[in-house]
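**Student:** The following block contains the structure, expressed as structure tokens.
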Amino acid sequence: MFDTPLPQLLAELDVELVDSSITNAGFFGALVEHRDGSRLLAMPTGRSELEHDTVARYLLAQVFDVDLPKLPAPFVTSEM
């Protein structure tokens, strides 16, 4: 999961990547699982490639139950 290029990983996991309209600096992304089983990864635009890639992979790991340590403050994830 960690060495696969992100576009390939998203395709393999059947996750659609979209630009988020949320512009709050404290928002780093969200992965939404719909009732029909489809998944949507919403990521803010204008962030560095490193931040975008790291947060996307972390959110994917959370949804797919990959055991990872929690992110340091100020990062917080929540499940709804």
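The values are calculated or read from the model by the stated rules, or taken from the named source; none is laboratory data. Treat the numbers as computed from the prediction; the structure is a model and nothing was measured. Heads up, the Cβs are rebuilt from the backbone with ideal geometry, glycines too, and the neighbour counts pull from every protein chain shown. Note: accessible area is taken over every heavy atom of the protein model, side chains too, but ligands, DNA and RNA are not part of it. Shrake-Rupley method; radii C 1.70, N 1.55, O 1.52, S 1.80 Å.
**Student:** Please go through the range 1-22 and give me each residue that is touching a residue at least 24 places away in the same chain (Cβ under 8 Å) and open to solvent by 100 Å² or more (accessible area, probe 1.4 Å), ordered by number.
**Tutor:** Result: F2, D14, E16, D19.
**Student:** Go through the range 16-32 and report how many residues are in contact with a strand residue (DSSP E or B) (Cβ under 6 Å, 6 or more places away or on another chain), within 15 Å of S78 (Cα to Cα) and small (G, A, S).
**Tutor:** Residues meeting the conditions: 2.
**Student:** I would also like to ask the following. Anything in the range 33-54 that is touching a strand residue (DSSP E or B) at 6+ places or on another chain (Cβ under 7 Å) and surrounded by 15 or more Cβ atoms within 10 Å (Cβ to Cβ)? List them, or say none.
**Tutor:** R39, L41, A42, M43, H52, listed by residue number.
**Student:** If A25 satisfies all but one of (1) touching a Gly at 6+ places or on another chain (Cβ under 8 Å); (2) loosely packed, with under 11 Cβ neighbours inside 10 Å; (3) of a type in the set (A, V, I, L, M, F, W, C), what's the number of the condition it fails?
**Tutor:** (1)
**Student:** Next up: All but one of (1) more than 16 Å from L13 (Cα to Cα); (2) at pLDDT below 90; (3) not acidic (D, E) hold for M43; state the number of the condition that does not hold.
**Tutor:** With (1) more than 16 Å from L13 (Cα to Cα); (2) at pLDDT below 90; (3) not acidic (D, E) applied to M43, the lone miss is (2).
**Student:** Restricting attention to the range 66-80, and to residues there that are open to solvent by 70 Å² or more (accessible area, probe 1.4 Å) and more than 13 Å from L31 (Cα to Cα), which single residue is modelled with the lowest pLDDT?
**Tutor:** If we take residues in the range 66-80 being open to solvent by 70 Å² or more (accessible area, probe 1.4 Å) and more than 13 Å from L31 (Cα to Cα), then V76 is modelled with the lowest pLDDT.
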